[in-house]
Each structure stands twice: as C-alpha cells, then as structure tokens.
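The next block holds one structure in the form of structure tokens; read it before the comments.
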Amino acid sequence: MIRVAVIDDHEIIRLGLSVAIGAADDLDLAGTYSSIEEYGQRVVERPDIAILDLGLAGLEGPEAVAFLVREGLPVLVVSATGSRQMVLTAIAAGAVGYLTKRTGSSEIMQAVRTIHDDGCHVSPTLAAFVRAHLRAVEGPDAISDTEDEVLTLVAQGESPAGVASLLGIDSSAGVMVILQRTLAKTRNTFGGTTALSSREREVLLQVVRGRTSDEIAADLGLSPKTVGTYRRRIAAKTGAHKQTDLARFAYESGILRPGELNGDTSHG
C-alpha cells in the first residue's frame, strides 16, 4: 500500500482526494492537513508521498515543498496555479510532479503511483515547461538531443512506453530515468534571484527599462550577441520572458527599487 498524505487548506479538496485515495485498492490515506505546520504537529508515521497545495496559510509555495523534501517525502504538487514560473519554481524546490486542480482525481491517483514506482510524474504541460527552460540553458546542464526528443514527445501526450518505442529506448523505465535527469537539471539551473550573476542583474535592469540589446551592449561594453546570451540565461533562471514579467520579478526580488524603473536612481 502507498501511504499518501494530503496537505491543502481547502476542506472540499481534502475530502475529495481522501475519497479518491480510499477508493483505490493500492493507496492508503496517511492523513489530511490544512497546513505544513499542522502536518508537522500531527503526523505520527511518515507517509510515502505527499500531495501538496502551494497556497497555504503559514509556510507555503516552494518553501513548503522544500520542507517536505527535507523530511524525505516525494512531493506531488496539486495547485490552482499552473503558470510556468510557479511550476518550475516548485520543481526547483524538489517537487517530483505538478498538476493543477483542474486535473481529474483518477489522473492524480495515477501520478501518485508513477511517482512511487518511477520517482517522478512528468505531465505534458510540465514536459513543455522543462523543455523550454532547458533549451535556454548552456553548459553541463544544457539539454541533450535525447532529452529534447523525450520531452517533446511527452509534451505531445505520448506515454513513456510510447516514447521508448518511438525512440528505440530499451524500456519505459529508461524514459523515466531521462525524465528524472531533466528535472534534476531544472533544479540545478532554475534558481531565481540568487542564481543571477551581477552582470545578469545589470542586464535585467536594462531590459525592464525598455532598452534594446544593442543599447544594452553599448552601455555595458558588451557585444549584442553576449547580451543575447545573458538575456537567455535570465529567462532560463527566472522563468520570465516579457518585460512586464521581468519587471515584476525584479521588484519582488528586490533587484529593482521603487523609482528606478522611471530612471530615478538617486535613492540609493
């Protein structure tokens, strides 16, 4: 039996998932909790996997994922939010699967089984996000041709067995190993603010002020090609591409101070 803990602050969600787990012959409800704090206070025996909502009271978001991962728990996020930024942030924090609350209970239960058996569950949406992210990464964590092909097929809805057959991989287990490797690369490279170098922060500030790559290159003494490389790295690390999204990221992370976007840098 796979022991499953449900951590969600909505009673109706906890109830629905509890019913689905109870109806499955191979799953056992290890407990339901409205917060990470309640889980920490009430849990008696560590479950095999946790289904986690991100929008909790108290410890929430990637910090909640990281807490459970440190406790040795595989984490399947089931959240109302399915934005690329939020999904990749959760994966970077250690989640091994991500579904939205629009997902049917049978698919969620199957994801629990896949995680228990194979270590991760990569939905088509997650595969597309991971692929887009890794294609912007350079260096040892850059995506390989095989990883690119696997993620492309999974993003198109192909099963691991189908991917194995199409690409001549020995088994679906081999495909799962590749998918786990892509999630590990995402964790290594999607670090948000703390992963931005000083030069990347400089380029980010210029981008959110509306400067072109040529203008940024002239201001910073770089080539336009190098600026383009920095912009791809920033997008890969933050999950933001549009100027408005990058500005929001810069404000929320403290890189951009009030007034700076309008050119007022006299405050500090």
Worksheet, complete the sentence: All conditions in (1) surrounded by fewer than 20 Cβ atoms within 10 Å (Cβ to Cβ); (2) more than 30 Å from Gly119 (Cβ to Cβ); (3) out of contact with any Gly (no Cβ under 8 Å at 6 or more places or on another chain) are true of Val208 except (1)
Item to complete: Kindly establish whether Gly61 is in contact with a Leu (Cβ under 8 Å, 6 or more places away or on another chain) and surrounded by fewer than 20 Cβ atoms within 10 Å (Cβ to Cβ).
Response: yes
Discussion item. So, in segment 11-56, how many residues would count as being part of a loop (DSSP other than H, G, I, E, B) and more than 25 Å from Val87 (Cβ to Cβ)?
Written reply: 7
Practice prompt. Specify the residue that is farthest from Ala184 (Cα to Cα); the eligible residues are those in segment 143-173 that are of a type in the set (A, V, I, L, M, F, W, C) and without any contact (Cβ under 8 Å) to a residue 24 or more places away in the chain.
Written response: Leu166
Worksheet entry | Close pairs (9 angstrom Cβ cut-off, 6 or more residues apart or separate chains): under 18 Å from Ala64 (Cβ atoms) in segment 93-111, aromatic (Phe, Trp, Tyr) and crowded, with 23+ Cβ neighbours inside 10 Å anywhere | Tyr98/Phe129
Worksheet entry | Matching option when the condition is more than 20 Å from the chain's Cα centre (by Cα) and either polar (S, T, N, Q) or surrounded by fewer than 17 Cβ atoms within 10 Å (Cβ to Cβ) (or both), among Asp170, Asp148 | Asp170
Worksheet entry | Residue count for segment 209-257, restricted to those that are basic (Lys, Arg) and within 24 Å of Ile143 (Cβ to Cβ) | 6
Worksheet item: List, please: which pairs have Cβ atoms under 7 Å, are six or more places apart or on different chains, and start with a residue in segment 227-240 that is surrounded by fewer than 19 Cβ atoms within 10 Å (Cβ to Cβ) and end with one that is assigned to a helix (DSSP H, G or I)?
Response: Gly228/Ser213
Item to complete: Kindly indicate which of Arg181, Arg199, Arg232 is touching a Phe, Trp or Tyr at 6+ places or on another chain (Cβ under 9 Å), more than 16 Å from Thr89 (Cα to Cα) and in a helix (DSSP H, G or I).
Response: Arg199
Item to complete: Give the residue, chosen from Ile7, Ile21, Ile36, Ile13, that is touching a residue at least 40 places away in the same chain (Cβ under 8 Å), closer than 18 Å to Val69 by Cα and surrounded by 17 or more Cβ atoms within 10 Å (Cβ to Cβ).
Response: Ile7
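Computed from the coordinates by the stated procedures, all read-outs in this text should not be read as laboratory data. It should be emphasised that the depicted structure is a prediction, and the values quoted were computed from it without experimental measurement. Note: ideal-geometry Cβ built from the backbone for every residue, glycine included; neighbour counts use all protein chains shown.
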